[in-house]
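Here is the structure we will look at.
The values are calculated or read from the model by the stated rules, or taken from the named source; none is laboratory data. Everything quoted here is computed from the prediction, not taken from an experiment. Cβ: placed from backbone, ideal geometry, glycine included. Neighbour counts: every protein chain shown.
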Amino acid sequence: MLAISACSIGSYKAKNGLGDCEPCPEHSSTPNAGSSECQCDAGYYRAEDEGPEFSCTQPPSKPSHVTITRIDETSVTIEWDEPLVLGGRKVNLI
């Protein structure tokens, strides 16, 4: 007979029953044994459409070297350098 045991602190199992416990993704943890998902550490987040298997990331830092390069009657053009910290996500900068 197989025994079902709770996952230890620092691991989770998304579904009840048999199956392996998974370690919490980067920047997340479980406060208790038997968790079904890991909570993001303070200052880290998961997108609403991401499941518990995704790592938590933080917001990027502010852009650096912000400059206004053009102003006219109806618009302004602002340029800046990439933030020093991207927060752990792949970011497409245009």
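Can you name every residue in region 44-85 that is hydrophobic (A, V, I, L, M, F, W, C) and touching a residue at least 12 places away in the same chain (Cβ under 8 Å)? Steps first, please.
Residues of region 44-85 hydrophobic (A, V, I, L, M, F, W, C): 47, 54, 56, 66, 68, 71, 76, 78, 80, 84-85.
Within region 44-85, PHE54, CYS56, VAL66, ILE78, TRP80, LEU84, VAL85 meet the criteria.
Using the structure shown, decide if PRO63 is at pLDDT below 95 and in contact with a Gly (Cβ under 6 Å, 6 or more places away or on another chain).
Details: at pLDDT below 95: yes; in contact with a Gly (Cβ under 6 Å, 6 or more places away or on another chain): no.
Criteria not met by PRO63.
State whether one or more residues within region 16-24 are among the charged types (D, E, K, R), assigned to a loop (DSSP other than H, G, I, E, B) and modelled with pLDDT of 90 or more.
The initial filter retains those residues of region 16-24 that are among the charged types (D, E, K, R), namely 20, 22.
Right, trim to assigned to a loop (DSSP other than H, G, I, E, B) and you get 20.
Going one step further and asking which of them are modelled with pLDDT of 90 or more, we end up with none.
No: zero hits.
Please go through region 37-82 and pick out each residue that is assigned to a strand (DSSP E or B) and polar (S, T, N, Q). Let's see the steps before the verdict.
Just the residues of region 37-82 that are assigned to a strand (DSSP E or B), to begin with: 39-40, 45, 57, 64-71, 76-81.
Matches in region 37-82: GLN39, THR57, SER64, THR67, THR69, THR77.
Scan region 12-26 and tell me whether some residue there is exposed (fewer than 11 other Cβ atoms within 10 Å of the Cβ), under 30 Å from SER61 (Cβ atoms), of a type in the set (A, V, I, L, M) and free of Cβ contacts under 8 Å to residues at least 24 places away in the same chain.
Of the residues in region 12-26, the ones exposed (fewer than 11 other Cβ atoms within 10 Å of the Cβ) are 15-18, 20.
Now drop any that are not under 30 Å from SER61 (Cβ atoms), which leaves none.
No, there is no match, as no residue in region 12-26 is exposed (fewer than 11 other Cβ atoms within 10 Å of the Cβ), under 30 Å from SER61 (Cβ atoms), of a type in the set (A, V, I, L, M) and free of Cβ contacts under 8 Å to residues at least 24 places away in the same chain.
I'm told GLY88 meets every condition in (1) surrounded by 10 or more Cβ atoms within 10 Å (Cβ to Cβ); (2) free of Cβ contacts under 8 Å to residues at least 60 places away in the same chain; (3) not in a strand (DSSP E or B) except one. Can you identify the failing condition by its number?
All conditions are met except number (2).
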